[in-house]
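For reference, the structure discussed in these notes is given below.
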Amino acid sequence: MVLRRRPAARFLAAAAVVFFGVLGSPPPAATANPGPGRADLPSAAAASIPPAGANDWSCRPTARHPRPVILVHGTGMDMRSWGTLSPALQREGYCVFALDYGGSAGVWGRGDIRASARELAGFVDVVRARTGAAQVDVVGHSQGGTMTRQYLRFEGGADPADPSRNKIRSLVMLGPTTHGTTFGGLQTFVDAFTSLRLTDEPTNEWLADLGFGVATYQQMIGSRFLSDLNAGRETMPGVDYRVIASRSDTVVTPPEGSFLVPAPGSSVLNQWIQDSCPAANVSHVGLLDDPRSIFLVRRALDPGLPGAVPC
């Protein structure tokens, strides 16, 4: 389908660059081997160098930490966004893995979330095969949490008829876009232009060319993608869910939209960082490396972890 651009679209294209910056700057190209299980995407960016502690394919889980941990980045970011959490988990004895996904126009995490969930499915299967683990735990930031839920529900990550066959045991999400976001005003901006009929299909090439990416539109409040994902149930039986959000998040807006509504048979804990540290001012991207959120992730993966949130 060929879409005709109108003059106003040039203004939107320039503005898109500004708005896209809130999700994470496009990464510089890297040449590292992405490791087993990577899909070759013709429009993808160059594979990133894994963060310290991740993608040691000789690692084998221990009795203390029997499940590998897979780190799933957010929109417009890449696996290097886990530069704080990955080595912290590796030092504690976890087998840690990370991937890039959703490559589009040279940037990760912008492609259709449904296709990205299939990429994650392949990566999970490789991690399980290489480590011998029946299940994995996942930590997802922003879209990474939402995309993992798509994998659980529609791409074989969970088996509602027999939860013992689930491929994920625990899903820890940092500021996920569970119920959608206005992206701090971006949605109003985009809706204003699409209402002028600048394009008949805002989720196709037009928005992607402007720098938004299909995934950004899919995470907006009221999107068809989120309606399908959340219809009937938001959680799967046999999976332990933990949502860690910040009241000072200005990307997932409103931030309480991150929280899950539990369905029967699943375990859900929704928590604000400010529940433990009322004065905390943690941004959306700050969730990736703030000591308070890092501790809460570690506690979610290991409920027996001693100590208190470092306020």
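Nothing in this text is a laboratory measurement; each read-out follows from the coordinates by a stated rule. Quantities reported herein were computed from a predicted structural model and do not represent experimental measurements. Positions of Cβ are backbone-derived with ideal geometry, glycine not excepted, and every protein chain shown enters the neighbour counts.
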**OP:** Enumerate the calculated ³J(HN,Hα) couplings along segment 53-62 in order (Karplus 6.51 cos²θ - 1.76 cosθ + 1.60, θ = phi - 60°), each rounded to whole Hz, writing x wherever the residue is Gly or Pro.
**Re:** x, 9, 6, 8, 6, 8, 5, 10, x, 10
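Counting only other residues whose beta carbon sits under 14 Å from that of Arg153, what net charge do I get with K and R as +1, D and E as -1?
Details: positive: Arg114, Arg118, Arg149, Lys167, Arg233; negative: Glu155, Asp159, Asp228, Glu234.
Computed value for this residue: +1.
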**OP:** Report the extension gain between Glu256 and Asp125 in nm, rounded to one decimal, defined as 0.36 nm multiplied by the number of residues separating them, less their alpha carbon distance.
**Re:** 43.9 nm
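Given a Förster distance of 22 angstrom, what is the FRET efficiency for Ser283 paired with Val309, based on the Cβ-Cβ distance and rounded to 0.05?
On the way: r = 17 Å, r/R0 = 0.79.
Here the calculated transfer efficiency is 0.80.
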Original post:
Which order results if Arg91, Arg67 are arranged by neighbouring Cβ count within 10 Å, fewest first?
Top reply: Arg91, Arg67
Original post:
Starting at 0 and stepping by 10 Å, how many percent of the alpha carbon pairs of segment 63-191 end up in each bin?
Top reply: 13, 43, 33, 9, 2, 0
**OP:** Using θ = phi - 60° and the Karplus relation 6.51 cos²θ - 1.76 cosθ + 1.60, list the HN-Hα couplings for segment 267-281 in order, rounded to whole Hz, with x at every Gly or Pro.
**Re:** 10, 10, 10, 9, 9, 8, 4, 6, 5, 8, 10, x, 8, 5, 10
Original post:
Which net charge results when you count Lys and Arg as +1 and Asp and Glu as -1 among the other residues whose beta-carbon is under 10 Å from that of Ile273?
Top reply: -1
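Tell me the chymotrypsin sites (Phe, Trp or Tyr not before Pro) within segment 239-286 that lie in a loop according to DSSP and have at most 16 other beta-carbon atoms within 10 Å.
Details: sites: Tyr241, Phe259, Trp272; in loops: Phe259.
Taking segment 239-286 and a limit of 16 other Cβ atoms within 10 Å, no loop chymotrypsin sites (Phe, Trp or Tyr not before Pro) are found.
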Original post:
HN-Hα J couplings of segment 132-143 from phi, Karplus 6.51/-1.76/1.60, θ = phi - 60°, integer Hz, Gly and Pro as x?
Top reply: x, 7, 6, 9, 10, 10, 10, 10, x, 9, 6, 4
Subject >> Label-point gap, in nm, between Arg233 and Trp57 - each point 7 angstrom along Cα→Cβ >> reply: 3.5 nm
**OP:** Quick one: which residues, 5 or more positions from Met173 or on another chain, have an amide H under 5 Å from its amide H? H modelled 1.01 Å from N in the peptide plane, none for Pro or chain starts.
**Re:** Gly140, Arg242, Val243, Ile244
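Taking the number of other C-beta atoms within 10 Å as the exposure measure, put His65, His141, His179 in order starting with the fewest. Let's see the in-between values first.
Details: His65 17, His141 28, His179 21.
Fewest-to-most ranking of His65, His141, His179: His65, His179, His141.
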**OP:** Name the residues whose placed amide hydrogens come within less than 5 Å of the amide hydrogen of Ile168, ignoring near sequence neighbours (fewer than 5 apart) on the same chain.
**Re:** Val136
**OP:** Report Rg/Rh for segment 43-301, rounded to two decimals, where Rg is the Cα radius of gyration and Rh the Kirkwood radius.
**Re:** 0.95
Original post:
Can you list the residues, at least 5 places off or on another chain, whose amide H is less than 5 Å from the amide H of Met220, using H built in the peptide plane?
Top reply: Thr181
